[in-house]
Every structure is written in C-alpha cells, then in structure tokens.
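In what follows, a structure is listed as structure tokens, so that the remarks can point back to it.
Derivation of every value follows stated rules applied to the coordinates shown; laboratory data play no part. On a predicted model such as this, the values are computed, not experimentally measured, just so you know. Neighbour counts run over all protein chains shown; Cβ positions are idealised from the backbone, glycine included.
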Amino acid sequence: NGFQLKGLIKSYDNYTVLLESDGKQQLIYKHAISTYVPSKPVILKDETE
C-alpha cells in the first residue's frame, strides 16, 4: 500500500525482518517489502578477498 517504515533492522530470517523504531519492534514479512533504502552507503566485500 506504499506505507513507509523507518528504523533499524535488528534481525532477519528467511521470511521476516525485525525492525526497531522509537523503542518499538515490528515483525515484517519480506514478501510485503518492495524497497529498502539504507541511511548510509552499503559496503559489499568480494567473497574472493
């Protein structure tokens, strides 16, 4: 529905993401998420290094 959530990803598994915001936690199913927008650049390391 386009609802935007902001917070810190505390944990995740194969199906869900645990998001914490304002001292509250929300368990969100991954299939319900369309986009992640990180607050800082994400650094990916090459597996061969």
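Peptides 22-34, 5-17 ordered by packing proxy, namely the average of other Cβ atoms within 10 Å per residue, highest first: 5-17, 22-34.
Distant-in-sequence amide contacts of T16, defined by a placed amide H-H separation under 5 Å and a gap of 5 or more residues or a different chain, comprise K30.
For the chain, the residue among P41, Y12, Y29 whose Cα projects farthest onto the positive side of the dipole built from Cβ charges is Y29. Between F3 and L18, the modelled labels are 2.1 nm apart [label points 7 Å from Cα along Cα→Cβ]. Per the Cα gyration tensor, the chain maps to an equivalent ellipsoid with semi-axes of 22, 13, 12 Å, ordered largest to smallest. The lysine pair tally for the chain, using Cα distances under 17 Å and a gap of 8 or more places or different chains, is 6.
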